[in-house]
Amino acid sequence: MSFENIKLFFTNLLSFDDKFPLLFTQFYFWAFFALVFAGLTLLKNKILLRNIFLMFASLFFYFKTSGLFVILLLFTTLNCFWIGKKIDITVDIRKRKWLVFLGVFINLFLLAYFKYAYFFTSTYNSMFDTNIEVVNYLALWANKFSGSSRFEVGNILLPVGISFYTFQSLSYIIDVYRRRIAHVPNFFNFGFFVTFFPGLVAGPIIRASQFMPQLYKKFFLSRKQFGIAVFWILNGLAKKIILSDYLAVNFVDRVIENPQLFTSFENFTAIFVYSLQIYADFSGYTDIAIGVAMLMGFYMPKNFDSPYKATNAGDFWKRWHISLSTWLKDYLYIPLGGNRKGKFRTHVNLMITMLLGGLWHGASWNFIIWGGLNGISILIFKGWRTINNRKRLYTTLSFFLFSLLLFSLFPSPAFKIALIWTGTICLGALLTYLYIDIFDQRPLAKLNRGWSIFLTFVFITFTRLFFRTGSNLDPAEQTSHAWGTAKSMVNQIGGSWNLAQIPEIIATYKAVFLLFVLGMIIHWLPERWKRWYRINFTLLPLWVIGVAVIATVFVVYQFITSELQPFVYFQF
């Protein structure tokens, strides 16, 4: 190999290419992890040196993922370390309150600037008929400082993972203020906590109280831990590449990018397939992150618990993105008053939490609508479970008749969908009431649970219509384009259906629909079955696990598309 080739290799290695960010699904990531793991084994008993090494390895990983935004990550780390220390050693309550306010303000300001500048500006321009343009002041100052025009002043890019490490840092500052934890006296230990690369760019959101005790423990990896870590990594890769990427590239993205070019049935099934795609994508990332962290002797919190087994929207949010939902509960819902200030305030607090939870995911009205629909569903269920079956029947019948009236007056696709939805719920309530009235007993528990899971899955899937159409967009065009795409999909789904086309469509996308059905069956398997095959995998001889790794990687990479797809939650 010539000197020029060696020079080019190291130049590429130490530079950032936004077209090829470092992903868990790349060979280069596993080469990077092998080097990190080798360094870890050399420093396993030298705790401080190990944490320093892993902090700089994590910063390098973030640089290869996000480029110069690593400077922003370093600023957040330094800022929160200093403020956390000052809060902990300060006795005066007023100074402590001022410091925690300062820490929260700086973190949220940076998050708002990079993530919501276009949304806030667009909303302000629409309300007051102005024409304010977004300016990237950091790029402007960098150009002035360097005397060049290298950075684009009219465009604000979203740093990968900023929502995750911001919320992680905020929890640390607030917990130190509440005296739940002491500040971390060593900067490198704290920096390792903030930057730990497996969960840095897409979670789970790690609490300091959960992770800090692990910083001071020596490296330990048992035979069983090794087996389960390998299982999670293989499981995550299969979810991401076999399910998520294949479903996205071969069906979902095609339909949602141009909904008017596809039939009503294709639009309808696309959002159901997307429900599985996004679950496989996000939980796949989490599985890999948990497995990689476990191989290094660290444990990350559970982030998913079979969310499509949920029986209502509230149950869904106890199973989906658990680290975020518990964060919002502990640092937003409860401080607002939780359920301690009467029913009305409880409802208001819950809606605020869900709306802001929606906004956390993305800077467009689509995400706020998505969060609001989830909040409304939780409130409806809370009221639903307090009334008897006769009132439930009358309530659903009233809503069905109201939907019928709206559709007769305004025969729009949206009201048609509402009519079908309320009619379905009404039919279920009617059958339940008749069963109880005829047999004088509660409906069969498993049948009742299955019906609740079905209704919840359908509802969550339809809310994702707003979620998906607001994703993967240029921030400058996000709000208007997202709403237009959602409207087009609603019009298609609620429009006229040609049932004769359905068999042909299923035949055309048979691999997609087969994967969807298979994925949902696996998802709905009893938890004890999943626990059984996880445990038995860990008990296999090492050479068998090695063969399983080779076979899984071979199968997984048969599904790789021409371009590796980034994880969906990188944009959040």
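The values are calculated or read from the model by the stated rules, or taken from the named source; none is laboratory data. Just so you know, these numbers come straight off a predicted model, no measurement behind them. Quick reminder, even Gly has a Cβ in these numbers, built from the backbone with ideal geometry, and neighbours come from all protein chains shown. In case anyone asks, the SASA skips ligands and DNA or RNA and just uses the protein heavy atoms, side chains included. Shrake-Rupley method; radii C 1.70, N 1.55, O 1.52, S 1.80 Å.
Some points to look at:
- Residue in region 137-155 that is farther than 19 Å from residue 205 by Cβ, in contact with a Ser or Thr (Cβ under 8 Å, 6 or more places away or on another chain) and at pLDDT 85 or above present: no
- Taking first residues from region 435-451 that are without any contact (Cβ under 8 Å) to a residue 60 or more places away in the chain and partners that are open to solvent by 100 Å² or more (accessible area, probe 1.4 Å) and not in a helix (DSSP H, G or I), the Cβ contacts under 7 Å between residues at least 6 apart in sequence or on separate chains come to 436/442.
- Check on residue 158, touching a residue at least 24 places away in the same chain (Cβ under 8 Å), under 24 Å from the mean Cα position of the chain (by Cα) and in a loop (DSSP other than H, G, I, E, B): yes
- Residue 368 vs. criteria surrounded by fewer than 16 Cβ atoms within 10 Å (Cβ to Cβ) and hydrophobic (A, V, I, L, M, F, W, C): no
- Selection count, region 500-534, where residues are free of Cβ contacts under 8 Å to residues at least 24 places away in the same chain and not aromatic (Phe, Trp, Tyr): 17
- Leading residue by the ranking (modelled with the highest pLDDT) among those in region 13-51 that are of a type in the set (Ser, Thr, Tyr) and part of a helix (DSSP H, G or I): 41
- Residues within region 82-105 that are of a type in the set (A, V, I, L, M) and either in contact with a strand residue (DSSP E or B) (Cβ under 9 Å, 6 or more places away or on another chain) or buried (at least 18 other Cβ atoms within 10 Å of the Cβ) (or both), tallied: 4
- Applying the criterion of being in contact with a helix residue (DSSP H, G or I) (Cβ under 8 Å, 6 or more places away or on another chain) and without any contact (Cβ under 8 Å) to a residue 60 or more places away in the chain to the residues of region 165-205, the residue that is surrounded by the fewest Cβ atoms within 10 Å (Cβ to Cβ) is 180.
- Selection within region 64-112 - among the small types (Gly, Ala, Ser) and under 30 Å from residue 31 (Cβ atoms): 66, 67
- Pair list, Cβ < 7 Å and 6+ apart or interchain, from region 8-27 residues that are buried (at least 17 other Cβ atoms within 10 Å of the Cβ) to residues that are in a loop (DSSP other than H, G, I, E, B) and at pLDDT 70 or above: 21/566; 23/566
- Criterion applied to 248, 238 was being of a type in the set (Gly, Ala, Ser), more than 30 Å from residue 495 (Cα to Cα) and in contact (Cβ under 8 Å) with a residue 40 or more places away in the chain, and the one residue passing it is 238.
- Qualifying positions in region 206-264 - hydrophobic (A, V, I, L, M, F, W, C), touching a Ser or Thr at 6+ places or on another chain (Cβ under 6 Å) and either open to solvent by 40 Å² or more (accessible area, probe 1.4 Å) or not in a helix (DSSP H, G or I) (or both): 249
- Cβ pairs under 7 Å, 6+ apart, first in region 274-296 and within 17 Å of residue 199 (Cα to Cα), second open to solvent by 10 Å² or more (accessible area, probe 1.4 Å) and outside any helix (DSSP H, G or I): 283/304; 286/304; 289/300; 290/300; 293/299; 293/300; 295/221
- Helices (runs of 4 or more DSSP H) enclosed by region 453-561 - at least 1 residues per element that are of a type in the set (A, V, I, L, M) and either open to solvent by 60 Å² or more (accessible area, probe 1.4 Å) or modelled with pLDDT of 90 or more (or both): 502-508, 510-523, 527-538, 542-556
- Of the listed requirements (1) within 29 Å of residue 483 (Cβ to Cβ); (2) of a type outside the set (S, T, N, Q); (3) open to solvent by 50 Å² or more (accessible area, probe 1.4 Å), residue 363 misses just one: (3).
- Matching option when the condition is free of Cβ contacts under 8 Å to residues at least 40 places away in the same chain, open to solvent by 10 Å² or more (accessible area, probe 1.4 Å) and more than 29 Å from residue 102 (Cα to Cα), among 37, 32, 56: 32
- Those residues of region 236-255 which are over 15 Å from residue 283 (Cβ atoms) and among the polar types (S, T, N, Q), in sequence order: 250
- Scanning region 80-121 for residues that are among the polar types (S, T, N, Q) and either touching a Phe, Trp or Tyr at 6+ places or on another chain (Cβ under 6 Å) or without any contact (Cβ under 8 Å) to a residue 40 or more places away in the chain (or both) gives 90, 121.
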